[in-house]
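Presented below is the structure to which this report refers.
None of the figures in this text is laboratory data; all of them are computed from the coordinates on show. Note that this is a predicted model, so its numbers are computed, not measured. Here the Cβ is made from the backbone with ideal geometry for all residues, glycine too, and neighbour counts use every protein chain on show.
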Amino acid sequence: MIAKAQAIYAAVRRVPKGKVATYGQIARVAGLPRRARLVGYALAALERSDVPWHRVVNAAGKISERGEPMFVAQQRAMLEREGVEFTASGRIPLARYQWKAQA
DNA sequence: AGCCTGACTCGGA
DNA sequence: CTCCGAGCCAGGC
């Protein structure tokens, strides 16, 4: 486990229930500007943790796929259970649900 | 070291 | 809206 990953996880944990954040946003909050890919990489390594990874989506407000479509459906279900709505095209209206990190 | 891959993002066409 | 190319970084070979 590397320190950068820890910073990323800490940033993700700050995302409140019912809100979502983008990879790039998490990267900035974690002090790693332009390292969106690193965020995805770090989250991919997650296994059984208290990190709300399901609240992290890409810049388009869509859930990033990773092989099994099953996980995407699972993530969407968890978000909807927290009150996050999806558009007919499967996107999340970021203007309304994106987490605004406070300095 | 080089090359390829990947839960990404942005600007341009 | 979609597709492309470039920039980014960690890991494995």
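A few points about this structure:
- One residue from A:47, A:80, A:68 being surrounded by 11 or more Cβ atoms within 10 Å (Cβ to Cβ) and among the charged types (D, E, K, R): A:80
- Any helices (runs of 4 or more DSSP H) falling wholly within segment A:1-75 and containing at least 1 residues that are in contact (Cβ under 8 Å) with a residue 40 or more places away in the chain and under 12 Å from the mean Cα position of the chain (by Cα): A:3-13, A:23-29
- Residue A:27 vs. criteria out of contact with any Asp or Glu (no Cβ under 9 Å at 6 or more places or on another chain) and within 15 Å of residue A:99 (Cβ to Cβ): yes
- Residues of segment A:1-50 classified as away from DNA strand C (no atom under 11 Å from the Cβ) and β-branched (Val, Ile, Thr), total: 6
- Tally of residues being surrounded by fewer than 18 Cβ atoms within 10 Å (Cβ to Cβ) and farther than 22 Å from residue A:77 by Cα across segment A:8-27: 2
- Within segment A:83-103, the residues that satisfy the criterion of being in contact (Cβ under 8 Å) with a residue 24 or more places away in the chain, farther than 27 Å from residue A:4 by Cβ and surrounded by 11 or more Cβ atoms within 10 Å (Cβ to Cβ) are A:84, A:90, A:91, A:93.
Residue-wise test of (1) away from DNA strand B (no atom under 15 Å from the Cβ); (2) touching a Lys or Arg at 6+ places or on another chain (Cβ under 6 Å); (3) farther than 25 Å from residue A:86 by Cα.
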position: A:10; (1), (2), (3): yes, no, yes
position: A:22; (1), (2), (3): no, no, no
position: A:34; (1), (2), (3): no, no, yes
position: A:37; (1), (2), (3): no, no, no
